[in-house]
1. Among the helices (runs of 4 or more DSSP H) confined wholly to region B:13-104, which include 3 or more residues that are of a type in the set (Gly, Ala, Ser)?
2. Tally the residues that are within 11 Å of another protein chain (Cβ to nearest Cβ), in a loop (DSSP other than H, G, I, E, B) and farther than 14 Å from B:Thr111 by Cβ, restricting the search to region A:221-256.
3. Enumerate the pairs (first residue in region B:1-26 and under 17 Å from A:Ile88 (Cα atoms); second residue anywhere and among the small types (Gly, Ala, Ser) and surrounded by 15 or more Cβ atoms within 10 Å (Cβ to Cβ)) with beta-carbon separation below 7 Å, excluding pairs fewer than 6 apart on the same chain, so at least 6 apart or on different chains.
4. Does B:Ser194 qualify as being in a helix (DSSP H, G or I), touching a Cys at 6+ places or on another chain (Cβ under 7 Å), over 22 Å from B:Ser49 (Cβ atoms) and not β-branched (Val, Ile, Thr)?
5. Go through region B:188-223 residue by residue and tally those that are facing chain A (nearest Cβ under 9 Å), of a type in the set (Val, Ile, Thr) and either over 21 Å from A:Pro107 (Cα atoms) or under 13 Å from the mean Cα position of the chain (by Cα) (or both).
6. Which ones in region B:14-49 are within 12 Å of chain A (Cβ to nearest Cβ) and farther than 19 Å from B:Ala237 by Cβ?
7. Looking at (1) of a type outside the set (Phe, Trp, Tyr); (2) farther than 18 Å from A:Arg115 by Cα; (3) part of a helix (DSSP H, G or I); (4) out of contact with any helix residue (DSSP H, G or I) (no Cβ under 6 Å at 6 or more places or on another chain), can you tell me which one B:Ile184 breaks?
8. Would you check if there is a residue in region B:174-188 being farther than 18 Å from A:Ala22 by Cβ, among the polar types (S, T, N, Q) and crowded, with 16+ Cβ neighbours inside 10 Å?
Amino acid sequence: MKHDTFKFFSLSTIWLWIILFAILPFVLMLVISFATAGENNLVVYSFNLHNFLNLINYAYLRIFTRSVFLAAYVTVITLIIGYPFAYIIAHTSERIKNLLLLLVIIPFWTSSLIRSYAMITILKTQGLLNSFLLWLGVIHMPLQILYTNIAVIIGLVYSLLPFMVLPLYANIERLDQSLVDAARDLGANRYITFKRVIIPQTIPGIISGCIIVFLPAMTIFYIPDLLGGAKSMLLGNLIQDQFLFANNWPQGAAISVILTAFMLILLWLYWRNSRSKDRHEFL
Amino acid sequence: MKVISRLFLLLIYAFLYVPIIVLIIYSFNNSQYSMLWHGFTWAWYQQLSSDSDLISSAVNSIALGVSASSIATLLGTLCAVSLYRYNFKGQKLLYFTVFLLILMPDIVIGTSLLILFSTANFELGFFSLLIAHITLCLPFVVIVIYSRLTTVDENIFEAALDLGATNSIIFKRILIPLLTPGLIAAWLLSFTLSLDDVIISYFVSGPNFQILPLQIFSMVKLGVDPEINALTSIIFAITVLFVLISHFSLRKK
């Protein structure tokens, strides 16, 4: 039957692509993470754990913990800003809502390299932020913000905020308003309603927002490159370094593998906390 | 309360947009280094148009973006339609893989493709970038098309089958027209993704095929420059245009 030809054709094309260019590369990466870096060849195949054991040393652990902490700050800040932001947008009138949402979608799709570059102009010593603060009289000397960890955090929050807001918005939008009304009728105050009714219903949105922010926050290597100082090396910079400068691919692969494992753990948390109906509406 | 939430919205939108607006304003500033306004000029845009290196990178990027987003749209549509219309073994697995690909950090995709290409002795250049960009765009296309499909009344397919339509007729006469807005949106968004991607391209590009985002990256490392302001303003304008078109084509039902 014709029906089957089409089905067979499309499914085999898709699977072929995904297996060749998504699954196979990852399997190769997994294999290489157990191999050794060679002198002439990039990779000498063998099986040992030393790429992973290597990571348990002071220098690596410091980059690791710094990345995790910095990414956690960024995630928490975007969540604290993003949650009320998404909530307010979801509760405006239909007419304005579309416009407000569009204004979040535009930066979502804009190159974060361009947006980080724009941040340089703002954060420079003679930049707009310092001029503004001087003019306000809050400070008397320009602050050195650019090339510090603060600048990296600002740049990451700036780049990733839309990625937190959109999943939160999608979740808050679907919130069952009758439950909120019922809680209020039963005498719950705003705070209790928020804590007991609204937050639990938006947990899936919170977790998906956090996953989409947390992982890139550790790995967008050009933001620490552009905005950070010499000490701002993050996980992404470390992987980049191992692949392109140190020529130690197995070591870089091992770090990528750990990163992926991290992602799967977060995903598993999401799965456990969401109802099956929500899972299909992720993003 | 209303006032506070309005102020909050305003503040966040200012945070999101002021840096970009400042960048655009400076791209017209008639001074190389000063942060003060020295009058309006087109000079930086003219300088761009005579920078042959940048123009060839731009041409490369457009060629890459057009090919990658066309193929990704085609593949992604096949994938979304299959996920939506058929029941098959491994359906959940396919769904899950697509979903994982979206979440996968770019750096993992980039480095693993680099490993694949080097293991297979595949030369880094246009084709390695093309494969990488298609893989990057594919899951986004699937999401856009799939969510478009879920708004379609399923009975329409039954009706067509009952009336004797073959599968290819259903595809041509029903699916394609229904999906056109989704296809446009998916293509435009894929093009923006391809034009903006730095991390994946960084690993899988070769010395003989320069592309715009990587060239911008190397220029930006040297600091702020009005010519880069002009270039990034143009790219921002293209992004806004594409996002607007896809937004409105998806909204009309």
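What follows is calculated from the coordinates using simple rules that are stated; it is not laboratory data. None of the values given here were measured: they were computed from a predicted structure. Here the Cβ is made from the backbone with ideal geometry for all residues, glycine too, and neighbour counts use every protein chain on show.
1. Qualifying helices (runs of 4 or more DSSP H): B:52-85.
2. Residues meeting the conditions: 1.
3. none
4. Numbers: in a helix (DSSP H, G or I): yes; touching a Cys at 6+ places or on another chain (Cβ under 7 Å): yes; over 22 Å from B:Ser49 (Cβ atoms): yes; not β-branched (Val, Ile, Thr): yes.
So B:Ser194 passes the test.
5. Adding up the residues that qualify gives 2.
6. B:Ala14, B:Phe15, B:Tyr33, B:Ser34, B:Met35, B:Leu36, listed by residue number.
7. Unmet condition: (4).
8. No, region B:174-188 contains no residue that is farther than 18 Å from A:Ala22 by Cβ, among the polar types (S, T, N, Q) and crowded, with 16+ Cβ neighbours inside 10 Å.
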